[in-house]
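Sharing a structure here in structure tokens format.
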Amino acid sequence: MPVKVGVLALQGDVREHVGMLTRLGADVLLVRRPEELSSVQGLVLPGGESSVIDKLSRAFGMQQPIRAAIAAGLPVYGTCAGLILLADRVTDGIAGQETFGGLAVTVRRNAFGSQVDSFETELMVPTLGEPPVHAVFIRAPLVVDSGPGVETLATLADGRIVAVRQGLLLGTAFHPEVTGETRFHELFLDAVRSA
Ligand code: GLN
């Protein structure tokens, strides 16, 4: 039986995640309503614009159901804006910006500033082994503080944290879904199967 996972489809690079998860054999559902959320075994929060996804999730009545699902142990993988939405705290958000939370980290939005809009680099990710991950950062956040129980999966060469895991919650500041890097989505699907 393939696992049934959802991609929150309010805004962002939904299609790239759907393509990746489908290639990995999952049954993928676009999630926009509480009924859809309750039918999936895991959820991806895509890259995009976290403040927009936040506002839309409240307008669609999805914020509380997503918070409740995370609290009940739903495996979630957030990339970039999705990592921001999964963080308990965000700095440099727009006025009134909220998150779903669950991941005991503080994330700084647009942490690389306007000078460095996007860049690509190779990341060593010990959990994944060789080869290194070719990581694409687009107006990316950084994890600037993380609580106990949060595992750092990857840092930049200078030590700044760009991938974390806490139990069944996974977050990356970069976008494996756009480069064909499958290993983070496989970790997510492993978490879904283990849940
Ligand atoms: N800067 C965006 C935000 O604040 C994130 C960018 C991305 O997801 N590539 O949500």
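Throughout, read-outs are computed from the coordinates displayed, never taken from laboratory work. All of these numbers come straight from a predicted model, not from anything done at the bench. Cβ coordinates were reconstructed from backbone atoms using ideal geometry, including for glycine residues, and neighbour counts include every protein chain displayed.
Using alpha carbon centroids, what distance separates the stretch 135-195 and the stretch 31-61, in Å?
19
Order of 179-187, 85-93 by packing, highest average Cβ count within 10 Å first?
Sorting 179-187, 85-93 by mean packing, highest first, produces 85-93, 179-187.
Please list, in order along the stretch 64-70, the HN-Hα scalar couplings obtained from phi with the Karplus expression 6.51 cos²θ - 1.76 cosθ + 1.60 (θ = phi - 60°), rounded to whole Hz, x for Gly and Pro.
5, x, 5, 4, 5, 5, 5
Each residue of the stretch 72-84 in order: what ³J(HN,Hα) in whole Hz does its phi give by Karplus 6.51 cos²θ - 1.76 cosθ + 1.60, θ = phi - 60°, with x for Gly and Pro?
7, x, 5, x, 9, 10, x, 10, 6, 4, x, 5, 4
Among bridges DSSP assigns within the chain, what percent are antiparallel (round to 5)?
In the chain, approximately 50 percent of DSSP beta bridges are antiparallel ones.
Could you give me the ³J(HN,Hα) list for the stretch 130-145, computed from phi with Karplus coefficients 6.51, -1.76, 1.60 and θ = phi - 60°, whole Hz, x at Gly and Pro?
Karplus values, whole Hz, x for Gly and Pro: 7, x, x, 8, 7, 10, 9, 10, 10, 6, 7, x, 10, 8, 9, 7.
Under 10 °C and 1.306 mPa s, how fast does the chain diffuse according to Stokes-Einstein, given a Kirkwood radius computed over C-alpha pairs? Answer in µm²/s, whole number. Intermediate results must be reported in sequence, preceding the final value.
Working: Rh = 16.3 Å.
This corresponds to a translational diffusion coefficient of 98 µm²/s.
Got a sec? How would SER39, SER194, SER51 order by Cβ neighbour count within 10 Å, fewest to most? Could the numbers behind the result be given before it?
Values: SER39 12, SER194 8, SER51 20.
So the residues, fewest neighbours to most, are SER194, SER39, SER51.
Right, another one. Starting with the fewest neighbours, write out ILE66, ILE84 ranked by other beta-carbon atoms found within 10 Å of each beta-carbon.
ILE66, ILE84
Under the rule of at least 5 residues apart or a separate chain, name every residue whose amide H is placed under 5 Å from the amide H of VAL44.
The answer is GLY6, VAL7, LEU8, TYR77.
Let me ask something else about it. So what is the calculated 222 nm ellipticity per residue for the chain, using -39500 (n - 2.57) for each DSSP H run with n of 4 or more, over all residues, to the nearest 500 deg cm²/dmol? Spell out each step's value before the answer.
Numbers: 7 runs with 55 residues, N = 195.
Rounded to the nearest 500, the figure is -7500 deg cm²/dmol.
Give the relative contact order (percent, whole number) for the stretch 15-76; include only Cα pairs under 8 Å separated by 6+ residues. It would help to have the intermediate numbers written out before the result.
Details: 34 pairs, mean separation 22.1, N = 62.
Relative contact order comes out at 36 percent.
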